[in-house]
Amino acid sequence: MSHSAARDDGPRNGGRGRRGGRARAVLTGLVAAVVALGLLVTGYGVAVEPRLILDEERIQARIPGLGPDWEGAQVLVLSDLQVGMWWDNTGMIERVVEQAVAADPAAVLLPGDFLYRSETGIQERVSDVTRLLEPLTGAEIPVYAVMGNHDYAVGAVEELTTAFEERGIEVLADEATVVPAPGGGPGPGLFLVGVGPAAVGEAEPARALDDVPEAAPRLVMMHNPTTFPELPAGAAPLAVAGHTHCGQIALPLLSRWSYLGLTEEEELVADGFAPAGYGAEGNEMFVTCGIGFSLLPVRINAPPQLLSIELHRA
């Protein structure tokens, strides 16, 4: 009897051993697959999407009071260069600037965050930015800028403003200017309202709108999208903002479910058009993804973006 029992125990122990071995092999395989997938996604987010993929977004804006010379005119927006971020995206900046020059738009808007930080001298970083943007002014395209929160944090606002204006880039600090009609035509200009960054307390939209006649055609450029609800009704038939990088990491098919959108405490439009009910009546906002990085040099489902606005008379 004891011999028979001993023979019966052997196969059962061996079965458990084989099953345990198979389970360990499956678990090891799953872990390896997860690690491989993580490395693949990280490699894509670091080396492919931000460096090789450019989202050329095109939208239309209907502007009340717009002069006939402006009908169909193109305005380009490129935001958040973030020069000075470790492994920053200067190659993509050069590509975007080259495409902007080739498009020959009526104007180019730069909604801030030119610098990320400056471990070297500020003036050296400012020179890097002006070198990257020089083809725009060299092509005699009207270029307008507002500063971003990083530009203030680095302490480079004065240096950037001086360098830009020496090269023909008009810097707006809670103020408005008139963009001349395309081709230098005699028609009425377009008011451009520039609002500073709310994140560092430099956004005063009411002051920025002070010199804009009530019925005048206008675009609004701001750094932070959270400024948009402060604009009076009808003051911004189209406002453009940057700052968010569209979250940098967003869930596929659910662009609003980004890292930024899910972690910010206040309601935030991180990508694209603001939903109905966000902001005052008659106002519309588009948030562009920008070009550079914050915190980490990675973009997943939030590629760098060159925004093109085609203007039409309302």
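The values are calculated or read from the model by the stated rules, or taken from the named source; none is laboratory data. Just so it is clear, the structure is predicted and the values come from calculations on it, not from any experiment. Ideal geometry is used to build each Cβ from the backbone, glycine not excepted, and the neighbour counts take in all protein chains shown. Ligands, DNA and RNA are excluded from the accessible area calculation, which covers all protein heavy atoms including side chains. Shrake-Rupley method; radii C 1.70, N 1.55, O 1.52, S 1.80 Å.
Side notes on the structure shown:
- Strands (runs of 3 or more DSSP E) enclosed by the range 216-314 - at least 2 residues per element that are modelled with pLDDT of 95 or more and open to solvent by less than 30 Å² (accessible area, probe 1.4 Å): 218-222, 239-241, 285-287, 305-313
- Selected residue (only one of A163, A61, A100 is in contact with a His (Cβ under 8 Å, 6 or more places away or on another chain) and either surrounded by 16 or more Cβ atoms within 10 Å (Cβ to Cβ) or part of a helix (DSSP H, G or I) (or both)): A61
- Of all the listed residues (E57, E49), the sole one being modelled with pLDDT of 95 or more and either touching a Lys or Arg at 6+ places or on another chain (Cβ under 8 Å) or hydroxyl-bearing (S, T, Y) (or both) is E49.
- Some residue of the range 207-215 being open to solvent by less than 20 Å² (accessible area, probe 1.4 Å), aliphatic (A, V, I, L, M) and in contact with a helix residue (DSSP H, G or I) (Cβ under 6 Å, 6 or more places away or on another chain): no
Condition check ((1) farther than 21 Å from P50 by Cβ; (2) in contact (Cβ under 8 Å) with a residue 60 or more places away in the chain; (3) in contact with a Phe, Trp or Tyr (Cβ under 9 Å, 6 or more places away or on another chain)) across all residues:
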residue: E98; (1), (2), (3): no, no, no
residue: P105; (1), (2), (3): yes, yes, no
residue: G121; (1), (2), (3): yes, no, no
residue: V126; (1), (2), (3): yes, no, yes
residue: T130; (1), (2), (3): yes, no, yes
residue: L136; (1), (2), (3): yes, no, no
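- Selection from the range 28-58 of residues that are acidic (D, E) and not in a helix (DSSP H, G or I): D55, E56, E57
- Extreme residue, surrounded by the most Cβ atoms within 10 Å (Cβ to Cβ), among residues of the range 166-196 that are touching an Asp or Glu at 6+ places or on another chain (Cβ under 9 Å) and assigned to a helix (DSSP H, G or I): P182
- Selection status of R95, closer than 21 Å to V287 by Cα, out of contact with any Ser or Thr (no Cβ under 8 Å at 6 or more places or on another chain) and either at pLDDT 95 or above or open to solvent by 50 Å² or more (accessible area, probe 1.4 Å) (or both): yes
- Only residues that are more than 20 Å from the chain's Cα centre (by Cα) and in a loop (DSSP other than H, G, I, E, B) were counted across the range 103-127, and they come to 6.
- Some residue of the range 67-77 being in contact with a helix residue (DSSP H, G or I) (Cβ under 9 Å, 6 or more places away or on another chain), among the polar types (S, T, N, Q), modelled with pLDDT of 80 or more and surrounded by 10 or more Cβ atoms within 10 Å (Cβ to Cβ): yes
- Listed conditions (1) outside any helix (DSSP H, G or I); (2) under 18 Å from A241 (Cα atoms); (3) open to solvent by less than 30 Å² (accessible area, probe 1.4 Å) are all met by D151, apart from (1).
- Selection of the range 103-138 for residues being farther than 16 Å from E165 by Cα, surrounded by 13 or more Cβ atoms within 10 Å (Cβ to Cβ) and polar (S, T, N, Q) yields only S118.
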